[in-house]
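Below: the structure, in structure tokens.
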Amino acid sequence: MLRIAFERQLVQINDEILLLGSMVEQSILSAVDALKRRDVVRARQIYQRDTEINEKRFAIENAILITIATQQPIAHDLRKLTANLEIITELERMGDYAKGIAKVVIKLGDQPIPIPYNELGRMGEKAVSMLHRALSAFITEDVNQASSIPTEDDEVDALYNTVHHMMVKEMIAHPEIIDHANQVMWVAHNLERAADRVTN
């Protein structure tokens, strides 16, 4: 009976981690879309929603620590629970990257500036796809799927380099946009770091 109750706790923790992952995925995609649409109102909503991601992360952390303290898991169960603590920390940081992108959207407003929407969109989609499959691999303990995902980070890195070169070229041609162009480069940086966190 005790084991059944413990296994239910593990399933519930997994479900909450998947929910947190879904929240982060949505925030990243929404932030990139808000940039594409130059939607400041939506960006402010994404910025505020980061509080919900933080609260969810701490609620899961609390549940994990209570489970460890009351159930005293060993071996595989303990390793998975401690890994869960690492994962929710990475997810929370990825939520911060989405918040950072939303902040850029707010700062840019409707300033006329060339933005490589296609490349940034592909970076966001790739990072979210990697995250979705990485969480699935962790929950199902699919080692092969997990092993294949980090190699995809190279694609995100290549897109980041493309964005960087494009923006530098624009800054050289139009020095007056340097401050705003740096903000766009920060978006690319956040998306590249999000993919790195997935790799972790």
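Report yes if some residue within region 136-153 is crowded, with 18+ Cβ neighbours inside 10 Å, of a type in the set (A, V, I, L, M) and in a helix (DSSP H, G or I); otherwise report no.
no
In region 158-198, how many residues are under 14 Å from K126 (Cβ atoms), hydrophobic (A, V, I, L, M, F, W, C), without any contact (Cβ under 8 Å) to a residue 60 or more places away in the chain and open to solvent by less than 50 Å² (accessible area, probe 1.4 Å)?
Here the count works out to 2.
Is it true that V168 is over 19 Å from the mean Cα position of the chain (by Cα) and in a helix (DSSP H, G or I)?
Considered against the rule, which asks whether it is over 19 Å from the mean Cα position of the chain (by Cα) and in a helix (DSSP H, G or I), V168 comes out as yes.
Yes or no: region 62-77 includes at least one residue that is modelled with pLDDT under 95 and of a type in the set (S, T, Y).
Yes, region 62-77 has at least one match.
When the residues of region 117-135 are narrowed to those that are over 15 Å from the mean Cα position of the chain (by Cα) and open to solvent by less than 80 Å² (accessible area, probe 1.4 Å), which ends up nearest to A83 (Cα to Cα)?
Ranking the qualifying residues of region 117-135, first place goes to E119.
Can you find even one residue in region 106-114 that is more than 29 Å from R8 (Cβ to Cβ), open to solvent by 70 Å² or more (accessible area, probe 1.4 Å) and without any contact (Cβ under 8 Å) to a residue 24 or more places away in the chain?
Within region 106-114 (the criterion being more than 29 Å from R8 (Cβ to Cβ), open to solvent by 70 Å² or more (accessible area, probe 1.4 Å) and without any contact (Cβ under 8 Å) to a residue 24 or more places away in the chain), the answer is yes, since at least one residue qualifies.
Which members of region 80-127 meet the condition of being among the small types (G, A, S) and assigned to a helix (DSSP H, G or I)?
The answer is A83, G95, A98, G100, A102, G121, G124, A127.
Pairs needed: first member in region 146-157, closer than 19 Å to N118 by Cβ and in contact (Cβ under 8 Å) with a residue 12 or more places away in the chain; second member anywhere, surrounded by 15 or more Cβ atoms within 10 Å (Cβ to Cβ) and among the basic types (K, R); C-beta distance under 8 Å; at least 6 residues apart or different chains.
Pairs found: E152/K126; E155/K126; V156/K126.
Among all residue pairs at least 6 apart or on different chains, which show Cβ distances below 7 Å where the first residue, located in region 32-55, is over 21 Å from A127 (Cα atoms) and the second is open to solvent by less than 80 Å² (accessible area, probe 1.4 Å) and outside any helix (DSSP H, G or I)?
V40/G109
Quick check, is T70 open to solvent by less than 80 Å² (accessible area, probe 1.4 Å), among the hydroxyl-bearing types (S, T, Y) and farther than 21 Å from A188 by Cα?
For T70, the condition - open to solvent by less than 80 Å² (accessible area, probe 1.4 Å), among the hydroxyl-bearing types (S, T, Y) and farther than 21 Å from A188 by Cα - is not met.
The values are calculated or read from the model by the stated rules, or taken from the named source; none is laboratory data. The model shown is predicted, which means the values in this text are computed figures rather than measured ones. When we count neighbours, we look across all protein chains shown, and the Cβ atoms used for this are built from the backbone with ideal geometry, even at glycine. Accessible surface is based on the protein model in full, side chains and every heavy atom, while ligands, DNA and RNA are left aside. Shrake-Rupley method; radii C 1.70, N 1.55, O 1.52, S 1.80 Å.
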